[in-house]
Structures are given as structure tokens and as C-alpha cells.
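One structure below.
The values are calculated or read from the model by the stated rules, or taken from the named source; none is laboratory data. Worth saying up front: this structure is predicted, and the values here are computed from it rather than measured. Cβ atoms come from the backbone with ideal geometry, glycine included; neighbour counts cover every protein chain shown. Accessible surface is based on the protein model in full, side chains and every heavy atom, while ligands, DNA and RNA are left aside. Shrake-Rupley method; radii C 1.70, N 1.55, O 1.52, S 1.80 Å.
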Amino acid sequence: MKISGSRQDPSTSLGMTSKARRPLATSVLQARDDESRSGAEEILKKIRGLEIKTRALVETAFAGDYHSVFKGRGMNFEEVREYQPGDEIRAIDWNVTARLGSPFVKKFTEERELTVMLIVDVSASGNFGSTSQSKRELAAEVACLLAFSAIRNNDKVGLLLFSDRLELFIAPKKGRSHTLRIIREILFFDPVGRGTNPAAALDHLNKIVTRRAVVFFISDFQAEDFSRALAVTARRHDLIAIRIQDERESVLPPVGIITLEDAETGDQIEINAADSNVRRQFAQLAQAQLTETMRVLRKNRIDRIELRTGDDYLPALRSFFKQREHRMMVR
């Protein structure tokens with residue numbers, strides 16, 4: 001016997017009328033709304049907390065270091081004024097001096113505005129952290145500090161996120177709301193790729209940012225050789241490499257047999273961390289990678305900052321800026 005008829009709402013078979021169903025649907029939507037609102041509030045809370053912390057550092061300790069190292073592109077003529085004892089003789093405007101019969105000097109102001117680009121690695125390896133902080137969270141905090149330092153000095157800030165592809169590009173702009181957007185993206189952007197291709201990111205930067213910029217390249221540098229792209233970028237821009245590591249990526253604790261997994265490929269290997277030879281080989285591999293990275297950076301005269309999750313990053317940053325300022329004064 002063939003049975004035919006219209007499709008029945010499953011809830012009808014349970015004896016529910018359409019009126020009885022509405023409160024259930026409404027409550028589900030309400031729950032989703034509440035969950036979405038709670039997630040947004042948590043994001044805003046985290047961004048706001050990071051802003052407060054880094055702004056305080058900028059105001060009290062870091063802004064002077066940033067300003068003294070990253071000078072403007074040149075000097076703009078502002079006006080002429082009468083010569084005063086102690087003025088630089090080479091600043092005398094001889095045409096005005098001859099016309100008015102007394103010495104006048106040219107007054108210049110520094111053209112402060114710079115373009116600062118933050119290039120941040122958001123590949124899967126950045127999610128690792130053996131402390132309360134992941135490498136990506138540390139990258140976000142450092143990027144936040146640099147962004148607010150730049151904004152405070154009236155510089156423009158842009159962002160480029162990359163994994164094994166270009167994930168996001170935000171053109172350089174000024175302003176607090178723009179900076180907060182940059183911080184939000186670094187913290188919460190969900191990348192499509194899991195691997196790492198720094199060369200593609202640097203090549204894109206060189207094509208799209210044609211004027212010389214200050215470029216902070218923030219990554220764990222766990223990638224195939226991209227020395228050519230680094231060399232090209234270093235010639236076109238003022239490139240600073242910020243290498244972020246976790247202690248467990250170079251030192252294994254003697255905890256017995258453990259499984260290590262490559263976050264980007266999913267490959268796994270089982271090792272006996274209680275074996276001192278295994279721990280030594282692990283440390284040697286990590287050191288070899290660091291040595292090669294340092295060699296490439298030195299060859300291309302790229303400044304380097306080493307940071308580690310769980311450590312206070314401010315001393316390392318300030319030390320870098322002080323050393324760089326000293327080198328500039330020596331020159």
C-alpha cells in the first residue's frame with residue numbers, strides 16, 4: 001500500500017502546537033544572542049586591558065626610546081629669525097642677512113611622520129606556549145606597544161598578517177580606533193593557513209609599500225629559507241626582526257617518553273626525554289636554527305630582538321633601542 005501526504009513537523013508528532021513552539025525557538029535564539037554578546041564583551045575586555053597596559057608603558061618608559069631612534073625623513077624649512085649667540089653659523093641665511101643688514105638664520109623642524117608596518121606571523125606554531133602566554137599573545141602585546149608608540153609620535157601604522165599565505169593587509173593610517181583594530185586582528189584573527197611562508201609576505205610588502213618604512217617583522221622564524229626576501233626588504237626598508245620563542249622549543253625537561261607534534265603539519269614523533277642524549281640533540285638542533293637565523297640577519301645588517309614567552313619583554317626592547325641610538329650617535 002502506498003502512503004502519501006505532506007511532510008510533518010517533528011514537533012507536531014509530539015503534540016506541540018505552533019504557539020507552543022515559538023517560546024522554544026525564541027529561547028534558543030536568545031541563548032545564541034547572549035553567547036555572542038558575551039564573546040564580544042570578552043574580546044573588548046582583552047583589547048582594552050592590553051591597551052591600558054601598553055599605553056602606560058608608552059607614556060612612562062618607551063616613547064622617548066622610540067622617538068630618539070626613529071627619526072623623520074628630513075627637515076622642513078619653517079622660518080628665518082635673527083641670529084643669537086650659539087646658533088650654528090652654517091644655518092645663516094646670507095640673502096636675508098645681506099638684505100636686512102643683520103645676521104638671520106634659517107629655522108627648520110623635523111619631518112616626524114613615518115610609516116610603520118607590523119608584519120606578524122599567525123601560523124599554527126604561534127599558538128604554542130608552555131607558560132600562561134602563547135607566542136601569538138606575546139606578539140600581539142609587543143605589536144600593541146609599538147603601534148601606540150608610533151601613534152603617539154604621529155606616525156602611521158599598518159599591519160600584514162601571514163601564514164603560508166597572505167592572510168590580511170591593513171593599510172597604514174593614524175588614530176586610536178585604527179590602532180585598536182590592528183590589535184584586535186592580531187589577537188583574534190582566524191587564519192586560513194597553518195604553515196609559514198614569510199617570503200610571500202615580504203614580497204607583498206615590497207610591492208604595496210613603495211616609500212621607505214620602518215618594518216617590524218614578528219615571527220618565530222620557523223620556516224624554510226627566506227633569506228632572499230629578507231635581503232630585498234632590508235634594502236628597501238628599515239627592517240627589524242623580532243624573534244619570539246618558547247623555552248620548551250630549545251630545552252626539553254627530563255619527563256620520560258613524550259609525543260611531539262608539528263603544529264603546522266600535524267606530524268608526530270615519540271621521543272624519550274629522559275635520555276640526556278636526546279635532550280642534547282634537541283638543544284643542538286634548536287641552536288643550529290638560531291645560528292643560521294643570526295647569520296642571515298647579520299649578513300643583511302638587520303637588527304634583531306630576541307623575546308621569550310613568560311619573560312618581561314620591555315628590558316629587551318629598551319636595550320635594543322639604547323644600543324641602536326648609541327650606534328646612530330657614533331656614526
>> For the ranges 180-187, 306-313, 277-284, what's the packing order if you count other beta-carbon atoms within 10 Å of each residue, average per peptide, and put the highest first?
In response: 180-187, 306-313, 277-284
> Taking the stretch 216-331 as the region of interest, what is the percent of Cα-Cα pairs per 5 angstrom bin, listed from the shortest bin to the one with the maximum distance?
Replying inline: 2, 9, 16, 19, 18, 14, 10, 6, 3, 2, 0
>> Quick check: residue separation of Leu285 and Ser227 times 0.36 nm, minus the Cα distance between them. What number comes out in nm?
In response: 19.0 nm
> Between Glu79 and Arg304, what is the spin-label point distance in nm, taking each point 7 Å from the Cα along the Cα→C-beta axis?
Replying inline: 5.0 nm
>> On a full-extension model of 0.36 nm per residue, what is the gain between Asp190 and Glu292, subtracting their alpha-carbon distance, rounded to one decimal in nm?
In response: 33.7 nm
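Over every pair of different alpha-carbon atoms in the stretch 99-236, take the mean of 1/r and invert it; report that Kirkwood radius in Å. Mind showing how you got there, number by number?
Working: mean 1/r = 0.0617 Å⁻¹.
Computed over the stretch 99-236, the radius equals 16.2 Å.
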> Can you give me the Cα centroid spacing of the stretch 301-330 and the stretch 180-257 in angstrom?
Replying inline: 17 Å
> Over the alpha carbons of the stretch 277-331, what is the largest minus smallest coordinate on each principal axis, giving the biggest first in Å?
Replying inline: 47, 29, 12
>> Using the Kirkwood formula on the Cα atoms of the stretch 246-300, what hydrodynamic radius do you get, in angstrom to one decimal?
In response: 12.5 Å
> At a 1.4 Å probe radius, carbon and sulfur cover how many percent of the accessible area of the stretch 192-261?
Replying inline: 50 percent
> Which peptide among 256-268, 143-155, 195-207 comes first, and what is the full order, when sorted by highest mean count of other Cβ atoms within 10 Å?
Replying inline: 143-155, 195-207, 256-268
